[in-house]
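See below for the structure under consideration.
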Amino acid sequence: TLLRGRTLTFLRWPDTTEDHAAYRYEEDGGLLLEGGRIAAAGAYAEVAAKAGNGAQCIDHRPHLLLPGFIDAHVHFPQMQVIASYGTELLDWLNKYTFPEETKFSNAQHGRRIARLFLDEMVRQGTTTVSAYCSVHKQSAEAFFAESHERNMLNIAGKVMMDRNAPEQLRDTPESSFDDSKALIEEWHGKGRQLYAVTPRFAITSSPEQLEMAGALMRAFPDLHMQTHLSENHAEIAFTGELYPWARDYTDVYEHYGLLGPRALFGHCIHLSDREADALSQSGSVAVFCPTSNLFLGSGLFDYQRYRRRSKPLRIATATDVGGGTNYSMLRTMDEGYKVIALNGEKLNPFASFWQLTRGNAEALSIADRVGTLDVGTDADIVVLNPSATPAMRLRMETAGTLAEQLFLLQTLGDDRAVVETYVAGKPAKSALPAVVT
Ligand code: GUN
Ligand code: FE
């Protein structure tokens with residue numbers, strides 16, 4: 001397949017809207033897709049010449065073609081938790097989230113929600129997520145089976161949690177190790193599936209269980225590890241009571257060997273300098289979840305402060321649905337821009353779209369496979385229409401530059417701006433069923 005449109009891909013972090021060396025943009029661009037990969041990219045005329053006469057051309061002009069969006073932290077079992085009123089983190093977990101997650105002991109329920117969740121990702125132009133499943137092994141089975149069937153590159157893990165949660169949601173250090181290991185052996189590296197060791201957070205894991213999580217990471221060093229860190233003041237205080245020997249919250253994970261370049265820490269809002277140092281020194285990733293942090297009243301992630309450190313923190317962005325309030329990475333970056341504004345800074349639109357694509361791919365250490373339009377990488381692509389709604393079309397009349405068009409896409413855009421999503425070279429959004437069942 002040959003795609004034609006305005007192609008945009010990033011080479012590195014764009015410092016300003018004038019940093020033209022940070023990205024490659026083709027007004028009349030072409031992408032040749034072969035065997036699920038990008039076989040050629042560049043000016044349409046050149047790519048078309050390489051493609052020869054047999055290739056079918058899908059003309060997406062005047063829309064933009066970008067690498068598919070990446071959501072670095074999301075809870076697939078929380079689709080019926082999103083938009084739950086009136087609580088902060090710990091009450092939200094106890095009142096809404098934990099009761100909902102108990103339903104995922106039922107494999108059929110897990111499979112249905114996994115299907116609807118991945119449908120929604122495709123609808124939003126998100127082609128890769130790092131997902132939390134529930135504590136139940138069968139919830140991860142359901143997620144991976146559904147993801148594998150669609151040939152999506154997704155990272156996921158069964159949540160490990162053995163205390164401070166309802167009985168039906170508690171595993172044990174041994175069962176969490178055994179179930180995780182069985183899932184790793186079945187799914188990690190199968191097709192495009194990747195496993196993440198997923199201790200929920202320090203509050204719901206005993207020291208013995210965090211020890212087991214560390215043992216899994218030592219046994220399988222190429223896995224990701226994902227957890228929550230420093231989201232809310234009550235959470236931090238409770239963690240201090242549960243781990244009285246720890247210097248701070250980050251030290252709990254540090255102690256069990258859970259920091260490192262494949263470690264993804266959701267939230268990281270109230271970090272001390274020592275904690276930020278520990279994360280940056282180890283190459284760990286802080287995951288910015290703006291809609292969730294605003295919705296649960298958790299606090300303001302200081303993106304620019306983390307970036308400006310002498311050794312910058314690696315940062316990813318994410319929806320954190322169901323604490324987050326929108327599945328769209330466009331809506332997420334719009335809220336992210338506002339959080340950064342409340343910290344007295346601005347994020348330029350090229351940096352936003354770098355973050356949603358290559359930036360998140362680098363943070364997840366998968367940029368050799370996804371997150372760019374580079375030849376040889378997987379053909380996960382989103383097609384965006386900056387004139388998707390009447391209000392957007394009107395604003396486009398005065399948006400002359402690419403930077404302005406991207407910024408209006410981020411500020412006004414949502415799934416309506418996603419014309420098509422390609423997963424491993426195949427059109428996936430237009431193939432979605434029209435009704436939810
Ligand atoms: N901390 C522990 N579990 C969760 C969760 O499910 N969502 C959020 N936002 N924070 C958490
Ligand atoms: Fe979360």
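The values are calculated or read from the model by the stated rules, or taken from the named source; none is laboratory data. Note that the coordinates shown come from a computational prediction; the quantities given were computed from them, not determined experimentally. Quick reminder, even Gly has a Cβ in these numbers, built from the backbone with ideal geometry, and neighbours come from all protein chains shown.
Couple of notes before you dig in:
Residue-by-condition table, conditions (1) at pLDDT below 95; (2) surrounded by fewer than 18 Cβ atoms within 10 Å (Cβ to Cβ); (3) touching a strand residue (DSSP E or B) at 6+ places or on another chain (Cβ under 8 Å):
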| position | (1), (2), (3) |
| --- | --- |
| Ala72 | no, no, yes |
| His75 | no, no, yes |
| Gln80 | no, yes, no |
| Ala83 | no, yes, no |
| Leu89 | no, no, no |
| Lys95 | no, yes, no |
| Gln108 | no, yes, no |
| Thr127 | no, no, yes |
| Ser134 | no, no, yes |
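- Any strands (runs of 3 or more DSSP E) falling wholly within the stretch 28-98 and containing at least 1 residues that are free of Cβ contacts under 8 Å to residues at least 60 places away in the same chain and away from ligand 1 (no atom under 15 Å from the Cβ): 37-43, 57-67
- If you filter the stretch 190-209 down to residues that are outside any helix (DSSP H, G or I) and β-branched (Val, Ile, Thr), you find that the one that is farthest from Ser134 (Cα to Cα) is Val197.
- Count of residues meeting criterion [buried (at least 24 other Cβ atoms within 10 Å of the Cβ), more than 22 Å from Ser430 (Cβ to Cβ) and of a type in the set (Gly, Ala, Ser)] in the stretch 360-383: 3
- Applying the criterion of being in contact with a Ser or Thr (Cβ under 8 Å, 6 or more places away or on another chain) and more than 16 Å from Leu259 (Cβ to Cβ) to the residues of the stretch 279-293, the residue that is nearest to ligand 1 (Cβ to nearest atom) is Ser292.
- Inter-residue pairs, beta-carbon under 8 Å, first polar (S, T, N, Q) and in the stretch 301-312, second surrounded by 15 or more Cβ atoms within 10 Å (Cβ to Cβ), 6+ apart: Gln304/Ile340; Gln304/Glu345; Gln304/Leu347
- Residue satisfying condition, being at pLDDT 95 or above, over 30 Å from Pro67 (Cβ atoms), part of a helix (DSSP H, G or I) and more than 16 Å from ligand 2 (Cβ to nearest atom), within set Asp179, Asp171: Asp179
- Residue tally, condition in a helix (DSSP H, G or I) and within 14 Å of ligand 1 (Cβ to nearest atom), over the stretch 318-342: 1
- One residue stands out in the stretch 262-318 among those that are hydroxyl-bearing (Ser, Thr, Tyr) and more than 20 Å from the chain's Cα centre (by Cα): the one that is farthest from Ala246 (Cα to Cα), namely Ser310.
- Candidate set from the stretch 210-230 (those that are assigned to a strand (DSSP E or B) and within 14 Å of ligand 1 (Cβ to nearest atom)); member that is farthest from the chain's Cα centre (by Cα): Leu229
- The stretch 301-317 - residue that is touching a Pro at 6+ places or on another chain (Cβ under 9 Å) and within 16 Å of ligand 1 (Cβ to nearest atom) and, of those, farthest from Ala234 (Cα to Cα): Thr317
- Looking only at the stretch 19-28, residues that are surrounded by 12 or more Cβ atoms within 10 Å (Cβ to Cβ) and out of contact with any helix residue (DSSP H, G or I) (no Cβ under 7 Å at 6 or more places or on another chain) come to 4 in all.
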